[in-house]
1. Applying the selection to the range 50-73, what residues are of a type outside the set (A, V, I, L, M), modelled with pLDDT of 90 or more and open to solvent by less than 40 Å² (accessible area, probe 1.4 Å)?
2. Go through Gly404, Gly397 for me and flag whichever is small (Gly, Ala, Ser), at pLDDT below 95 and touching a helix residue (DSSP H, G or I) at 6+ places or on another chain (Cβ under 8 Å).
3. Determine whether the range 755-774 contains at least one residue that is basic (Lys, Arg) and within 23 Å of Arg620 (Cα to Cα).
4. For residues that are touching a Gly at 6+ places or on another chain (Cβ under 9 Å) and either open to solvent by 40 Å² or more (accessible area, probe 1.4 Å) or more than 22 Å from Arg335 (Cβ to Cβ) (or both), tally how many sit in the range 383-412.
5. Would you confirm whether or not the range 109-132 contains a residue that is modelled with pLDDT of 85 or more and aromatic (Phe, Trp, Tyr)?
6. Give just the number: which of (1) open to solvent by 10 Å² or more (accessible area, probe 1.4 Å); (2) farther than 25 Å from Lys337 by Cβ; (3) modelled with pLDDT of 90 or more does Phe683 not satisfy?
7. Would a scan of the range 728-747 turn up a residue that is modelled with pLDDT under 65 and touching a helix residue (DSSP H, G or I) at 6+ places or on another chain (Cβ under 6 Å)?
Amino acid sequence: MDDGKIQSPRDSTEFIGYTPTMRQFLQIKKENPNLLLLYRMGDFYETFFEDAELVHKVLGLTLTSRAGSKDGEGRRIPMAGIPFTTLDQYLVRLVNQGFSVGICEQVETPGQLYMERKLIRTITPGTLTEANLMGERSESTLLALNFDSKSFDIGFAWMSISAGNFFAMQVEKSDLTNEIERINPSEILVEESRKDHLKELFPERTITALPDWNFDLIKSQKTLLSQFETSTLEGFAIADKPLLITAAGVVCEYAQRTQGTSLDHILGITVETNSEFLGLDSATRRNLELVRTLRGDQTNTLFSALDHCETPMGSRRLLNWITSPSRAQNVACERSKTIELILEDSSLLENLKSSLKDIPDFERISSRIALGSVRPREVAALRDALPRLNEISNLCGSIKTSLGEEISQKIPIPDSLHQLLSLAIKQEPNVYIRDGDVIADGYSNELDELRELRNHGGKFLLELETKEKELTGITTLRVEFNSVHGYFIEVSKGQVDKVPDRYRRKQTLKNVERYTTPELKTFEDKAVSAEERSKSLEKELYEDLIKKISQYCPALLESAKAVSVLDALASLALHANQHRWVRPQFTSSSGLTIKGGRHPVVELAIDNYVPNDCIISPTRRLQIITGPNMGGKSTYMRSIALITLLAYVGSFVPADSAEIGPVDKILTRIGAADDLARGLSTFMVEMTETASILRQATPNSLVLMDEVGRGTSTFDGLSLAVAIAEDLIKNRGCMTLFATHFFELTQLANSIDDVINVHVAALETNKDIVFLHEIREGAANQSYGIAVAKLAGIPRTVIRNAQKILVGLENRAAQTENDQLDLFSETQPTAVEQQEDLASDELQDLKDAINDIDLDDTSPRQAWEALRRLQD
């Protein structure tokens, strides 16, 4: 180092003893210690030292070393290489495991004794733009957090480079986890001093620590002004929000650095507030299985059930609506009204789906155009799609809603772009510009000439041969080429006397003489280098073309957004049409009235789904739900929550009718699971989630509580369940569905006016219990727990013993005043009692055997054998 400047590898003495190539690698590694460097050497991207050992372990690549590749002390340097043709498939694996990768490419520098290399691109989980590195229907999102040390506020700023989106929001510390779950960032940028705390809070997310000095207000402000090319931030609603300015500046600067280029398609930033969205905490997102099931699968979720989109853009838009539904009823009304009009025209939906089918993901294509990393076939796909955008726009003209009109206006792209791309790009270009044959014939005269030369002269050689025959009078003259002697004019021995003086002999054969001319020699010099020169020129032309079309990026991104909205609406319309969903109605009155409600995912899996009603009003704000396990309590509660969520998404809903009042949050406590990684028991997780609900719930919140208190002793659990239910109705006033097996809770309906009892119906026969899955008014008369255990296959002897113990407990409970029942407090039975129990067991065995006989499916022979067994 000299005066703060980095020395060139040739002059630096820091890495003395290494080859110039290795000194260059070590210099780049020193400047970027946290990157896994892929160092281009010929046809491979090589890794060295610890990086080589890492990719050997993670990717299974062969760990080796090369002769002459030694460190300053003569030790062989570990190395492992990735073929450049298979780079992408290895990058996917590295990025998915949270690694940040630096790509070092060879840079040709005339006159240098060694091949110079530069770090041209940094790939991190939050800065992906290539479709093959991230799923088509997922987004790579980069988030920065800026903590206010004097208050409990946090500045959020997040960017999706591939979609051209940039957002900011200021929240309280208590909302940190919920907003992280909503935004779902691929990578989180934080100050080095806060890294450990964030790692503890979000162990499964990629946390990138930056030096604290990166979070500087003045520095961030300059970054944003430069990015937006403005002299003030007043127009972006963040000028008076230093937390947001700093967080946004950090995101922007990090994104610029990793891309190795400016972000010309990021033209502004949108400030959000968490009050804009329907509140869904992490437990609710998990319990409602919006994008993943409780087992972690991506099938049989709400998103997978509704996603009939024709484009990846539409799927991503639909996913965003489901995971971040707007709280504004007018937004949802506009979407559902648009869906209704789409369904009114029987042919419109079919035509829309057909037109959208072959539209490429030009949202990402547009971003890659702005970044200068777009591939030729992506440009060709965009060119082919542009005329169809006008067709789609025309179809939307019949959707007479403000949303439909907005979509119709934003979709079309100026014809000049299509004309330019049609002129410039071959119909079927190669995948990579380095392979050539991308630029269309006729776009560049110079390129056409080089291609003609590359293809051994073509027309030029024919014209030269015709011209020489006329000038010399040699009718047998031929202009030819071979790989050894290049281009030549061939004349038979019998006509050598006609050869002019300007011909220079090149080769003598038995029957012919071969010559060259200055004109042919000039052509040959051009032809020899034509392949390389044509590819070089084609690369220049392509890069120039991308710069020309980058001016269309804002219009393309607007059009892509409109197409994605239309695709998501068409997907929701298709699902509603196929499954008899209805348009929900919104009211300003608090509560829900749902008739014939169904679970949107479960109804797809069973043939005879039993729909149920749900009425929540100011006089019915807390429903105590009782009934047997397996009866459908959880499915019923989830169906009500999902219908509410779908209504605010703007979708039709699975019901006969639905009237939805204002809802600000959906909060759930469903299921039992421990959290071993954080040292939390099942009961502790249950209480933690319940505490979160009690802190957040408001009168407009929909709360689902399932079996609260079951993880501890009976009296403790009952006491907690009663106290929690009372707090929800008296202090929070929220809309609550409270499923329980504590029948004592049903007494709340006698003392609190806003509490009602409902139950899931079941019917017990001699042999079995039949679940009716129907919600009825009133409390259940029993829990059927033993009947369910019998259905599950618990041995009969255990079932009978449980029935005896249950009778004894019920009898003692009616008599005792103890705080806790003692299962083992019974006195020892007398000999007479033991004999009676034995006789009772034998009688019960006989009854069970008789009940097991299916008279409708028994032949005379089988009946005789059964009777014989009973006699025995």
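The values are calculated or read from the model by the stated rules, or taken from the named source; none is laboratory data. The structure presented is a predicted model; accordingly, all values stated were derived computationally and were not measured. Because the Cβ atoms are built from the backbone with ideal geometry, glycine has one as well, and the counts that use them run over all protein chains shown. Each accessible area value is taken on the protein alone, full model and side chains, heavy atoms only, with ligands, DNA and RNA left out. Shrake-Rupley method; radii C 1.70, N 1.55, O 1.52, S 1.80 Å.
1. Scanning the range 50-73 gives a single hit, Asp51.
2. Gly397
3. At the first step, the residues of the range 755-774 found to be basic (Lys, Arg) are 767.
Then keep just the ones that are within 23 Å of Arg620 (Cα to Cα); that gives none.
No, that holds for no residue.
4. 2
5. No; the residues of the range 109-132 include none that is modelled with pLDDT of 85 or more and aromatic (Phe, Trp, Tyr).
6. Every condition holds for Phe683 apart from (3).
7. At the first step, the residues of the range 728-747 found to be modelled with pLDDT under 65 are none.
Within the range 728-747, not a single residue is modelled with pLDDT under 65 and touching a helix residue (DSSP H, G or I) at 6+ places or on another chain (Cβ under 6 Å).
So that you can scan it fast, the table gives a plain yes or no per residue for (1) surrounded by fewer than 23 Cβ atoms within 10 Å (Cβ to Cβ); (2) touching a strand residue (DSSP E or B) at 6+ places or on another chain (Cβ under 7 Å); (3) in contact (Cβ under 8 Å) with a residue 40 or more places away in the chain; (4) not in a loop (DSSP other than H, G, I, E, B):
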residue	(1), (2), (3), (4)
Ser589	yes, no, yes, no
Glu603	yes, no, yes, yes
Asp613	yes, yes, yes, yes
Ile624	no, yes, yes, yes
Met630	yes, yes, yes, no
Leu642	no, no, yes, yes
Leu646	no, yes, yes, yes
Val663	no, yes, yes, no
Leu667	no, yes, yes, yes
